[in-house]
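One structure is given below, encoded as structure tokens.
Just so you know, all these numbers are worked out from the coordinates, no wet-lab data involved. This one's a predicted model, so the numbers in the text were calculated from it and none came from an experiment. Cβ: placed from backbone, ideal geometry, glycine included. Neighbour counts: every protein chain shown.
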């Protein structure tokens, strides 16, 4: 479920920002995204920040801790993290503000090569020494046969949440944001999850697979593993769509179904 977004920064939040970055000159609420109570561009005397935050008692506050832990390991992959505050009832992250636009996933989009390049750099990063959930653990309730989970095993750092709002296209390339669901697993999983979003934004399954094939790990994706992931993703998105009162999950449910059916025709 989306988190209620503050349209103005509470005084407590402003004080915490000023404690870390000096006097606040201007703020602008950012409306995209679903998971933060605070999302704003904040201009201070020293720099411009993107600040996101959740109340400390929010059930997803652990995802912000995960982003804070990962921040030092993502140079060149995501915006720089300047600070993480947990105080006065708030968990706040202060990132470098980077001008840009969210990725366009349409079939003819010029943003796709930049994203593929960043995904490739991510796949080459050393896996940070952090406790992250594995994809096998995350998908354990969406498989009939526990043996399917062995296909997802691996120690590569995965972003996993390829909503176009999580990709910032800048003058220097693509940056990845919102690392709250970062996990470990087989390196081909990220391009496989990305292709579902491509299908949801107008690609055919074949076109989406062609785009995913530009990722160097795709050539190592086992057909049995892809089929297992497609089955699990269809069940996951069926569940999300059934529980969501909004329409945002329906295109993803349809995309997961389309990819699963496509793979079945290839078997």
Among 45, 200, 124, which one shows the biggest mean-square fluctuation in a GNM of the chain, springs joining Cα atoms closer than 10 Å? 45
Footprinting exposure proxy for 151, 218 (fewest neighbouring C-beta atoms within 10 Å first): 218, 151
If you rank 133, 75, 52 by fewest surrounding Cβ atoms within 10 Å, what's the result? 75, 133, 52
Which ordering of 95, 152 is given by a fewest-first count of other beta-carbon atoms within 10 Å? 95, 152
Pick from 29, 48, 141: which residue has the top mean-square fluctuation in a GNM of the chain where Cα pairs under 10 Å get a spring? 141
Connecting C-alpha atoms closer than 10 Å in a GNM of the chain, tell me which of 104, 178, 220 has the biggest fluctuation. 220
Share antiparallel - DSSP beta bridges, the range 11-96, percent rounded to 5: 95 percent
Placing each pseudo-label 7 Å from Cα in the direction of the beta carbon, residue 207 and residue 264 end up separated by a distance in nanometres of 2.3 nm
How many nm separate the modelled label positions at residue 243 and residue 8, each set 7 Å beyond the Cα in the direction of the Cβ? 3.5 nm
